[in-house]
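> Below: one structure in structure tokens.
The values are calculated or read from the model by the stated rules, or taken from the named source; none is laboratory data. Not measured: the values here are computed from a predicted model. Neighbour counts run over all protein chains shown; Cβ positions are idealised from the backbone, glycine included.
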Amino acid sequence: MSVLELQQVSFSYGAKTVFANCSLSFDSHERVALYAPSGRGKTTLCRLLAGYSKPQAGQVLLDGQPLPQMGPCPVQLIWQHPEQALDPLLRMQTSLQEAGPLEEDVLHRLGIKPEWLTRYPRELSGGEMQRFCIARALAVHPQFLIADEISTMLDALTQVQIWDFLCSYCDEHEVGLILVTHSQALQDRLATRVVNLDSL
Amino acid sequence: MDTQQHLSSVHTHEEAHHGHTHASVSHHAGGHHLLQVENLCVGFQMYETLPQQSSPAKGIACKEKQTKRFGFFSRTTTRQTMQWVIDHLSLSVHTGEILAVVGASGSGKTLLADAIMGLYDTNTCVEGVIYYDGVKQDASSLTALRGSEIAFVPQSVKSLDPLMKIGKQIGGDPARRAELFERYSLSTDVEGLYPFELSGGMARRVLLCTALMGNPRLIIADEPTPGLDLELAVQAMKDFRTFADEGKGVLLITHDIELALRVADRVAVFKDGTVVEETAVANFAAPHLLNHPFSRALWHALPEHDFSFEGEL
């Protein structure tokens with residue numbers, strides 16, 4: 001079991017303080033939903049947890065250690081906008097290969113068709129790109145997976161399929177799941193704990 | 001240009017007209033067709049690499065042609081194919097109506113919006129007829145309508161110019177802009193920010209403001225709500241409703257069926273590039289009222305309902 005924690009983290013964009021002295025911890029057995037109004041800093045928190053932003057004070061620790069500076073990060077973030085998260089000049093298979101080896105059935109369970117592998121991002125729909133982003137995150141074999149509104153651009157059927165897969169994958173591999181969603185119903189279905197950012 | 005007048009007395013609700021039918025309860029009394037899309041097909045020219053030494057399969061698609069092979073390319077077996085994404089699609093938006101388009105991701109919903117807006121990639125092939133306000137349109141007249149008569153809420157927040165401040169990008173009358181900003185709880189200093197400084201939801205709200213800024217008669221909204229919290233999303237939906245009630249039209253493309261059902265008049269269920277079912281919102285109350293198996297599968301998959309699905313996607 002691993003633990004991801006924020007210790008007395010402060011973060012601000014210029015004069016706008018987003019987090020002040022905030023502490024929070026997640027363990028790999030739980031599925032935590034982050035809840036807050038639009039513009040409150042959910043994506044900022046996800047960036048901090050995955051090491052894309054450095055806090056101005058305090059630290060982000062994984063099992064008591066700071067996140068590694070080099071190599072693939074064991075905390076993987078799946079972004080809200082897949083069209084911005086994929087290199088437009090790389091075919092999908094190249095993007096996946098860069099991340100690492102992937103179990104064969106992951107692609108199948110995500111509903112990725114083999115012919116999509118040779119396409120460029122602009123030749124795929126938003127939902128198809130998002131599946132590749134999920135596959136790419138899993139190829140790193142992360143200890144924590146952060147899903148920042150990953151399912152808003154997917155239809156209801158695909159949502160079910162993907163959440164079903166992600167939840168079973170996270171249970172099998174003991175991966176902690178941190179999810180951001182505006183859908184109350186989805187939150188009730190998936191999360192074992194809800195964190196309201198306004199209460200931090 | 002052809003003019004096609006729509007008379008509501010000409011047809012009953014269930015009767016096919018202009019390539020579509022209505023559910024009997026739909027909001028259609030005397031409605032004038034603001035937008036009609038008939039037999040729309042959108043395809044892409046793509047290059048497909050074939051496995052070596054295999055002859056091209058016969059009769060995969062009728063609109064497929066073999067490329068000439070020459071020089072360097074002769075070593076790989078590549079052929080040019082047309083990939084038809086939207087296939088004989090017909091739908092219409094009447095005045096005073098919100099038509100919600102829901103369906104599978106990757107089924108061509110965004111392409112539909114792009115086709116109506118006249119935004120095509122260079123390798124796109126479009127067939128079919130689009131009428132706006134009873135007048136048949138072509139690519140250049142659609143371009144002329146874009147922005148003045150038809151407003152667009154794009155799906156991707158990448159549509160904002162990364163090098164231009166928000167206030168300048170929205171443009172228009174500052175008083176109207178301030179009013180819209182207040183309504184969507186954007187502070188006035190957002191005007192001075194660049195797109196990268198906005199959160200996902202804020203960018204989404206900026207896109208909404210841009211569309212509502214002018215004085216369009218038709219709004220094509222392609223996934224306007226991801227990233228918005230429920231309160232703001234409901235606000236946006238209410239604004240679409242008010243907009244439609246003024247005798248204008250909204251084509252709302254969305255995955256959020258629950259939200260769409262709150263305001264829409266009719267729902268078109270989209271699968272594999274065509275409308276499989278066009279039904280009244282009331283029919284989404286229970287699965288047995290829906291005709292097509294795919295609509296029923298969607299209903300069951302909603303997190304509010306069963307959150308389950310059977311079979312292959």
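> Sort out for me the helices (runs of 4 or more DSSP H) sitting completely within region B:104-202 that have 3 or more residues that are farther than 28 Å from A:ILE150 by Cβ and out of contact with any Pro (no Cβ under 6 Å at 6 or more places or on another chain).
Working: elements: B:109-117, B:139-145, B:166-170, B:174-183.
Output list reads B:139-145, B:166-170, B:174-183.
> Residues of region B:290-313 being touching a strand residue (DSSP E or B) at 6+ places or on another chain (Cβ under 8 Å) and either surrounded by fewer than 18 Cβ atoms within 10 Å (Cβ to Cβ) or closer than 13 Å to A:ALA156 by Cα (or both), which ones?
B:ASN291, B:HIS292, B:PHE294, B:SER295, B:LEU298
> Mind checking whether some residue in region A:140-148 is small (Gly, Ala, Ser), free of Cβ contacts under 8 Å to residues at least 60 places away in the same chain and surrounded by 20 or more Cβ atoms within 10 Å (Cβ to Cβ)?
No, region A:140-148 contains no residue that is small (Gly, Ala, Ser), free of Cβ contacts under 8 Å to residues at least 60 places away in the same chain and surrounded by 20 or more Cβ atoms within 10 Å (Cβ to Cβ).
> Also, I was wondering about something else. Just to be sure, is B:THR122 surrounded by fewer than 14 Cβ atoms within 10 Å (Cβ to Cβ) and within 12 Å of chain A (Cβ to nearest Cβ)?
It is true that B:THR122 is surrounded by fewer than 14 Cβ atoms within 10 Å (Cβ to Cβ) and within 12 Å of chain A (Cβ to nearest Cβ).
> Residues of region B:281-307 being of a type in the set (Gly, Ala, Ser), more than 13 Å from chain A (Cβ to nearest Cβ) and without any contact (Cβ under 8 Å) to a residue 24 or more places away in the chain, which ones?
Initially, region B:281-307 is screened for residues of a type in the set (Gly, Ala, Ser), giving B:282, B:285-286, B:295, B:297, B:301.
From the residues that got through so far, the ones that are more than 13 Å from chain A (Cβ to nearest Cβ) too are B:282, B:285-286.
Within region B:281-307, B:ALA285, B:ALA286 qualify.
> Regarding B:GLY247, is this residue crowded, with 17+ Cβ neighbours inside 10 Å and touching a Gly at 6+ places or on another chain (Cβ under 6 Å)? Walk me through it before giving the result.
Numbers: crowded, with 17+ Cβ neighbours inside 10 Å: no; touching a Gly at 6+ places or on another chain (Cβ under 6 Å): yes.
For B:GLY247, the condition - crowded, with 17+ Cβ neighbours inside 10 Å and touching a Gly at 6+ places or on another chain (Cβ under 6 Å) - is not met.
> Pick from B:LEU228, B:LEU259: which is closer than 19 Å to A:GLN184 by Cβ and buried (at least 23 other Cβ atoms within 10 Å of the Cβ)?
None of the other options fit; the residue is B:LEU228.
> Taking B:PRO216, is it within 14 Å of another protein chain (Cβ to nearest Cβ), within 24 Å of B:LEU252 (Cα to Cα), touching a residue at least 60 places away in the same chain (Cβ under 8 Å) and touching a strand residue (DSSP E or B) at 6+ places or on another chain (Cβ under 9 Å)? Give the derivation first.
Numbers: within 14 Å of another protein chain (Cβ to nearest Cβ): no; within 24 Å of B:LEU252 (Cα to Cα): yes; touching a residue at least 60 places away in the same chain (Cβ under 8 Å): yes; touching a strand residue (DSSP E or B) at 6+ places or on another chain (Cβ under 9 Å): yes.
Judged against the criteria, B:PRO216 is not a match.
> Going through region B:153-194 one residue at a time, which ones are surrounded by 14 or more Cβ atoms within 10 Å (Cβ to Cβ) and of a type in the set (Lys, Arg)?
B:LYS165, B:ARG176, B:ARG177, B:ARG183
> In region A:161-183, how many residues are of a type outside the set (Val, Ile, Thr), assigned to a loop (DSSP other than H, G, I, E, B) and within 11 Å of chain B (Cβ to nearest Cβ)?
2
> Right, another one. Can you tell which of B:ALA203, B:ALA211 is in contact (Cβ under 8 Å) with a residue 12 or more places away in the chain, closer than 14 Å to B:GLY147 by Cβ, surrounded by 18 or more Cβ atoms within 10 Å (Cβ to Cβ) and of a type in the set (Gly, Ala, Ser)?
On inspection, the qualifying residue turns out to be B:ALA211.
> If you don't mind, another one. Would you mind stating whether A:LEU110 is farther than 14 Å from A:GLN76 by Cα, touching a Phe, Trp or Tyr at 6+ places or on another chain (Cβ under 7 Å), without any contact (Cβ under 8 Å) to a residue 24 or more places away in the chain and surrounded by 14 or more Cβ atoms within 10 Å (Cβ to Cβ)?
no
> State yes or no: is B:GLN169 touching a helix residue (DSSP H, G or I) at 6+ places or on another chain (Cβ under 8 Å), within 22 Å of B:LEU119 (Cβ to Cβ), more than 11 Å from chain A (Cβ to nearest Cβ) and polar (S, T, N, Q)? Quick ask: steps written out before the conclusion?
Details: touching a helix residue (DSSP H, G or I) at 6+ places or on another chain (Cβ under 8 Å): yes; within 22 Å of B:LEU119 (Cβ to Cβ): yes; more than 11 Å from chain A (Cβ to nearest Cβ): yes; polar (S, T, N, Q): yes.
Here the answer is yes, as B:GLN169 does meet what is asked.
One line per residue, one yes/no per condition, for (1) modelled with pLDDT under 90; (2) of a type outside the set (A, V, I, L, M, F, W, C); (3) more than 17 Å from the chain's Cα centre (by Cα):
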residue	(1), (2), (3)
A:PRO82	yes, yes, no
A:PRO88	no, yes, yes
A:ARG91	no, yes, yes
A:GLU115	yes, yes, yes
A:LEU124	yes, no, yes
A:GLY127	yes, yes, no
A:ARG131	no, yes, no
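> Identify, please: which residue in region B:203-226 is within 16 Å of B:LEU259 (Cβ to Cβ) and part of a strand (DSSP E or B) and is, among those, farthest from the chain's Cα centre (by Cα)?
B:ILE219
> Only one of these is surrounded by fewer than 14 Cβ atoms within 10 Å (Cβ to Cβ), away from chain B (no Cβ under 14 Å), of a type in the set (A, V, I, L, M, F, W, C) and without any contact (Cβ under 8 Å) to a residue 12 or more places away in the chain: A:ALA20, A:ALA15. Name it.
Values: A:ALA15 fails: away from chain B (no Cβ under 14 Å).
The conditions single out A:ALA20.
> Can you pull out every residue in region B:145-167 that is without any contact (Cβ under 8 Å) to a residue 40 or more places away in the chain and among the hydroxyl-bearing types (Ser, Thr, Tyr)?
B:SER156
> How many residues are touching an Asp or Glu at 6+ places or on another chain (Cβ under 8 Å) and within 13 Å of chain B (Cβ to nearest Cβ) when one looks only at region A:184-196?
Residues flagged as touching an Asp or Glu at 6+ places or on another chain (Cβ under 8 Å) and within 13 Å of chain B (Cβ to nearest Cβ) within region A:184-196 amount to 1.
> Taking A:ALA57 and the conditions (1) away from every other protein chain (no Cβ under 14 Å); (2) modelled with pLDDT under 90, which numbered condition does it fall short on, given that it satisfies the others?
(2)
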